[in-house]
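Report on the structure given below.
The values are calculated or read from the model by the stated rules, or taken from the named source; none is laboratory data. Nothing here was measured: the structure is a model prediction, and the numbers come from that model. With ideal geometry, Cβ positions are generated from the backbone for all residues, glycine too; neighbour counts draw on all protein chains shown.
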Amino acid sequence: MVKAINNVESPEELQKCQTGIRGLDEITDGGLPKGRPTLVCGSAGCGKTLLAMEFLVRGAAQYNEPGVFVSFEESSEELVQNVASLGFDLNGLIAHKKMYLDQVRIERSEIEETGEYDLEGLFIRLNHAIDSIGANRVVLDTIESLYSGLANEGILRAELRRLFRWLKEKGVTAIVTGERGENTLTRHGLEEYVSDCVILLDNRVEGQISTRRLRIVKYRGSSHGTNEYPFLIDEQGISVLPITSLGLQHDVSTERISSGIPRLDIMLEGDGYYRGSSILISGTAGTGKSSIAATFANATCSRGERCLYFAFEESASQIIRNMHSIGIGLQPWLEQGLLSIHAVRPTVYGLEMHLVKMYKLINEFKPEVVIMDPVTNLISIGSETEVKSMLSRLIDFLKASHITALFTNLSHAGGAVSLEQTEFGISSLMDTWILLRDIELGGERNRGLYILKSRGMAHSNQIREFLLTDRGIDLVDVYAGPGGVLTGSARSAQEAQEKAAELVRRDETGRKKRELDRKKKALEVQITALRSEFEAVEEETNKLIQQEEIKEKVLAADRAGMMRLRKADADS
Amino acid sequence: MKETEIENSTEEFEHLLEGKENEIYVLRLYVTGMTPKSTKAVLNIKKICEENLKGRYELEVIDIYQQPVLAKDEQIIAAPTLIKKIPLPLRKLIGDMSDKERILLGLDLKQK
């Protein structure tokens, strides 16, 4: 099929007419078939008229293509009013000749059929309308009303066939709306005549929650998305969301961003999470998941980046108050517009609608970080597979936009499901998975944190004790010793014991040292005493030698004197 | 029901019918150029008017090709269309005016 399309070298490739409706141009691969009629069908109240009207308004406002709206149901005034609430200024467009409204009113009671007729009157009106503003776009809403006004179906069929042919010849891109039939797309088989492009709108209620969906039933000569796409009608008109798991081709970033908890960053190779990765924090109630999420939000805003916080359990003010108690001030970020908290109950609308809303908010706010707290609550509005499919689409979208996403997951302790298992098996979608768990020991509960996995980094395999202080989150080492892993006061006690033992050891050493010092000093004293004794003895000795010398001298002098007296021979 | 009452009501009805007989008819026939259906319709309605409303009708034939704005203003979809503007209620007769019975019904010239 794909090959065939590639091989076709047609000079006249099907031209597309952009609708300007968010998302619709993407799933139709460029818009509606230009110059051809498109059938939009669906049951009452599913948004046919609005889609058609937005096609014209956007055409006129964005693509400078004037449009004609022929209404078979609502009056011009009603139409103007109805779409004014969506921010479309029809009167302005009409005044600038960008738009032409014509209401075709058929009252069966007023009409009597008296023989052969045709719908040339309608053709003339349409022709006049198109020519008077040079329209490129036409809407017929809902042409099937003709069936209720005119009895002769044979004539109607022939005339409708002629009308669609005429529209093609006229070269206008048209939207024809039709009411959904029992087993057919439209009640009167309009799909027989309009064969180029058929779009089906649907509004289904499942579990008391209604979701609008759009599907392209056929699109001749063009590739198109085949899924059912949820769509949303809000203050800005329709947005169709082509959020699908388009593939895993998004390029990744090697940039790292801090989790806001220094010790956790250290556990993650010292740098924190990867930008654009998805992080799952799971744990039982009260283990501090929201606190980690809020810390991350705080860190994000401190860097001057934007953070979008989806809260499914608490209101914005409650989150701010609670986080204030652990020293995380989120209020200033809200005021600076860096943080946006969207608190909504999951049951407000369907899963797809949540996705659509999130998609829209993310596109509007353009955050660097998205937090969903807790993602588990979505299970209340969808089945496991639905939630998983929705989340995988959301994560793909976030990754493609390089948005870091943090999800919290509430697991139930003691249940059949173990802690290391997420409710919808979403863990496989996550890049980093941090598990918080209660550690019960010695009659108290403490929080433990460890990293179960973190793709693309050598993360720590250690359990850390997780403390909520009034200055935020702190991670401390748990005591891992011969007595096992200790946390909380048991850890403190163990640590105190060790400190005491250490002190004792330190005392002992000091004492020994002092003793030795004393001994040394005593010895020194002895040495000094001996030395002075030695000096005294030496002095005595010197003195003795001197005296002896003097004695010798005196004796010698005496002998010489005697000799002189005896006058003895000098030679004898 | 008493005999006299029935007589009275019949009288009343006839009286009403007499009144109708004097009513002026304002009719507009919208056609699309000189198509066979258009010419047929013009001929047919003229004949019927002459036969039933002689001297008290006003028939205007309008070509909506020439005046397309009128098609919007008068809510014309089908062609040919005959509009009975007066007397009220307003009524639209569509087709080539070949079904005489239906035309008389539509113009309130005949009761069902």
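A few remarks follow.
- The condition of being surrounded by 13 or more Cβ atoms within 10 Å (Cβ to Cβ) and either at pLDDT 85 or above or out of contact with any strand residue (DSSP E or B) (no Cβ under 6 Å at 6 or more places or on another chain) (or both) does not hold for A:Val417.
- Taking region A:114-145 as the range and being touching a Phe, Trp or Tyr at 6+ places or on another chain (Cβ under 7 Å) and either more than 9 Å from chain B (Cβ to nearest Cβ) or in contact (Cβ under 8 Å) with a residue 24 or more places away in the chain (or both) as the test, the residues that pass are A:Phe123, A:Ala129, A:Ser132, A:Ile133, A:Ala135, A:Arg137, A:Val139, A:Asp141, A:Thr142, A:Ile143, A:Ser145.
- Within the set A:Asp507, A:Asp474, the sole residue that is farther than 18 Å from A:Ile439 by Cβ and either modelled with pLDDT of 80 or more or not assigned by TED's automatic domain parsing to the domain that holds A:Leu436 (or both) turns out to be A:Asp507.
- Evaluation of B:Leu88 against (1) under 19 Å from A:Ile106 (Cα atoms); (2) more than 8 Å from chain A (Cβ to nearest Cβ); (3) touching a strand residue (DSSP E or B) at 6+ places or on another chain (Cβ under 8 Å); (4) not acidic (Asp, Glu) (one fails), failing number: (3)
- Evaluation of A:Tyr147 against (1) within 21 Å of B:Asp96 (Cα to Cα); (2) among the aromatic types (Phe, Trp, Tyr); (3) touching a helix residue (DSSP H, G or I) at 6+ places or on another chain (Cβ under 6 Å) (one fails), failing number: (3)
- For A:Arg157, the conditions (1) away from chain B (no Cβ under 14 Å); (2) within 52 Å of the chain's Cα centre (by Cα) all hold with the exception of (2).
- Identity of the residue in region B:30-51, crowded, with 18+ Cβ neighbours inside 10 Å and away from chain A (no Cβ under 12 Å), that ends up nearest to A:Glu120 (Cα to Cα): B:Val42
- Any hit, region A:182-197, residues being at pLDDT 85 or above and in contact with a Ser or Thr (Cβ under 6 Å, 6 or more places away or on another chain): yes
- Condition met for A:Ser317 (outside any helix (DSSP H, G or I), out of contact with any Ser or Thr (no Cβ under 7 Å at 6 or more places or on another chain) and at pLDDT 85 or above): no
- Selection status of A:Arg125, surrounded by fewer than 21 Cβ atoms within 10 Å (Cβ to Cβ) and part of a helix (DSSP H, G or I): no
- Residue within region B:52-72 that is within 12 Å of another protein chain (Cβ to nearest Cβ), on the phi > 0 side of the Ramachandran plot and surrounded by 14 or more Cβ atoms within 10 Å (Cβ to Cβ) present: no
- Candidate set: region A:333-375, residues that are of a type in the set (Val, Ile, Thr) and modelled with pLDDT under 80; chosen: the one nearest to A:Pro230 (Cα to Cα): A:Val356
- Set A:Ile403, A:Ile341: member being out of contact with any Lys or Arg (no Cβ under 6 Å at 6 or more places or on another chain) and in contact (Cβ under 8 Å) with a residue 40 or more places away in the chain: A:Ile403
- Elements of type strands (runs of 3 or more DSSP E) contained in region A:156-226, each with 3 or more residues being farther than 27 Å from A:Met353 by Cβ: A:173-179
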